[in-house]
Amino acid sequence: DEAVSRAYDEIRSRRDDMPEDRMREIAKIIGVGAIRYNIVRVQPEKQLVFKWEEALSFDGNSGPFLQYSYARACSMLRKAGDFEEVVDPSLLTDPFELSLIKTISKFESVIEQAGENRRIHLLPAYGHELASAFNQFYASVPVLNSKAEKDARLTLVKCSKIVLKNVLDCLGLGAPEEM
């Protein structure tokens, strides 16, 4: 209840345009996800120190950070409308694009390692790496305003969205399409 209440206060401070019931719905998804993520991100042999500020941060190694990144990808794709999916790596040459592509490509091996070695903390660590790479990409590379690379970049956003959703699902966290 405390996590949901704190998440609601954060959403209300950021989004005065959202209906009350939608804010409460998203707050529940974020609050529950924040606690779950904060617990599983710690290696089992290490001591868990819970801090509300870390658990509910939209900027750090937290569930809300992953959820926000997913919501950002959804928003970009909504704004873009229809586009042609382009899978031509020669169109993606920016260092931030390449970094994001490399990070996406690690997903299968991270899942395999986490399962085989029973090291669930590897998945939140990967999720944070992916969300960080995605945020660096969209902050540094024009996507919606690009010319020739627009469809290829939107395809990369879609791929990021899919893998972020898979990470959130594997961790048992909700994936809100807006925050």
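The values are calculated or read from the model by the stated rules, or taken from the named source; none is laboratory data. Since we're looking at a predicted model, the values are computed, not measured. Cβ atoms come from the backbone with ideal geometry, glycine included; neighbour counts cover every protein chain shown. Note: areas computed on protein heavy atoms with side chains; ligands, DNA, RNA excluded. Shrake-Rupley method; radii C 1.70, N 1.55, O 1.52, S 1.80 Å.
Results for (1) of a type outside the set (S, T, N, Q); (2) surrounded by fewer than 16 Cβ atoms within 10 Å (Cβ to Cβ); (3) out of contact with any strand residue (DSSP E or B) (no Cβ under 7 Å at 6 or more places or on another chain), shown as yes or no for each residue.
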{"position": "97", "(1), (2), (3)": "yes, no, yes"}
{"position": "105", "(1), (2), (3)": "no, yes, yes"}
{"position": "156", "(1), (2), (3)": "yes, no, yes"}
{"position": "162", "(1), (2), (3)": "yes, yes, yes"}
| in a loop (DSSP other than H, G, I, E, B) and either touching a residue at least 60 places away in the same chain (Cβ under 8 Å) or more than 30 Å from residue 24 (Cβ to Cβ) (or both) - does that describe any residue in the range 104-116? | yes
Given the conditions (1) without any contact (Cβ under 8 Å) to a residue 40 or more places away in the chain; (2) surrounded by 15 or more Cβ atoms within 10 Å (Cβ to Cβ), every one holds for residue 47 apart from (2)
Scanning the range 57-95 for residues that are part of a loop (DSSP other than H, G, I, E, B), without any contact (Cβ under 8 Å) to a residue 40 or more places away in the chain, open to solvent by 70 Å² or more (accessible area, probe 1.4 Å) and touching a helix residue (DSSP H, G or I) at 6+ places or on another chain (Cβ under 9 Å) gives 59
Residue hits (the range 11-23; in a helix (DSSP H, G or I) and either at positive phi or open to solvent by less than 60 Å² (accessible area, probe 1.4 Å) (or both)) are 11, 22, 23
Going through the range 24-42 in order, the residues found to be touching a Leu at 6+ places or on another chain (Cβ under 7 Å) and either small (Gly, Ala, Ser) or open to solvent by 40 Å² or more (accessible area, probe 1.4 Å) (or both) are 33, 34, 36, 39
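Just wondering, is there one or more residues in the range 134-142 that are under 16 Å from residue 165 (Cα atoms), open to solvent by less than 60 Å² (accessible area, probe 1.4 Å) and not basic (Lys, Arg)?
yes
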Only one of 112, 177 is touching a helix residue (DSSP H, G or I) at 6+ places or on another chain (Cβ under 9 Å), acidic (Asp, Glu) and open to solvent by 60 Å² or more (accessible area, probe 1.4 Å), namely 177
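Only residues that are free of Cβ contacts under 8 Å to residues at least 40 places away in the same chain and closer than 18 Å to residue 74 by Cβ: list them for the range 133-170, please. Spell out the reasoning first.
So in the range 133-170, the residues free of Cβ contacts under 8 Å to residues at least 40 places away in the same chain come out as 133, 139, 142, 145-147, 162, 169.
If the condition is that a residue be free of Cβ contacts under 8 Å to residues at least 40 places away in the same chain and closer than 18 Å to residue 74 by Cβ, then 133, 139, 162, 169 are the ones that fit.
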- Query: Right, residue 100: touching a residue at least 12 places away in the same chain (Cβ under 8 Å) and either assigned to a helix (DSSP H, G or I) or among the aliphatic types (A, V, I, L, M) (or both) or not?
  - Reply: yes
